[in-house]
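Here's the structure we're looking at; comments come further down.
Derivation of every value follows stated rules applied to the coordinates shown; laboratory data play no part. Worth saying up front: this structure is predicted, and the values here are computed from it rather than measured. As a convention, Cβ positions derive from the backbone with ideal geometry for all residues, glycine included, and neighbour counts pool all protein chains shown.
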Amino acid sequence: MKKLTAVILLSFVMLCLLAPLVLAEEAAAPEAQGGAQTKMFYYGLAALGCSIAIGLGALGAGIGQGISTSKACEGIARNPATAGKVTTTLIIGLAMMESLTIYALVVALIILFVNPFKI
């Protein structure tokens with residue numbers, strides 16, 4: 001499992017490092033086509049960035065919520081008298097984690113719908 005994780009992480013890093021080399025083009029080409037290619041390239045990268053941002057935001061919140069719920073269940077199982085306090089603290093923590101996911105969504109929507117080409 002550790003080798004698989006390392007291979008996936010290494011391939012992702014290599015993809016991130018080699019993407020600018022693969023997508024590089026000459027500077028004169030977009031102006032010759034009236035900038036349409038530049039706009040499409042920008043919106044394509046914006047959509048890719050938004051999907052990565054929302055995916056990572058949801059992944060982090062999901063992992064955090066799973067771990068905190070697990071630990072809350074363990075705490076209640078060890079000491080049932082503190083169930084009320086643990087549950088209250090758990091719900092507040094889950095709300096904070098979910099708000100981070102909503103912030104990721106808002107930032108992704110701002111990136112997606114902003115128009116940098118408007119003059």
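Between residue 69 and residue 56, the distance separating the two model label sites (each 7 Å from Cα on the Cα→Cβ line) works out to 2.5 nm.
Starting from the Cα gyration tensor of the chain, take the square roots of the eigenvalues, sort them a ≥ b ≥ c, and report rounded, prolate or oblate (rounded when a/c is under 1.5, otherwise prolate if a/b is larger than b/c, else oblate). Note, shape of the chain comes out oblate. For the chain, lysine pairs separated by 8 or more sequence positions, or belonging to different chains, with Cα-Cα distances below 29 Å total 4. Relative contact order of region 35-114: 51 percent, from C-alpha pairs under 8 Å at least 6 residues apart in sequence.
Suppose R0 equals 35 Å. What FRET efficiency, 1/(1 + (r/R0)^6) with r the Cβ-Cβ distance, do residue 8 and residue 82 give to the nearest 0.05?
Once rounded, the FRET efficiency stands at 0.30.
For the pair residue 113 and residue 92, a Förster radius of 25 Å applied to the C-beta separation gives a FRET efficiency near 0.20, rounded to the nearest 0.05.
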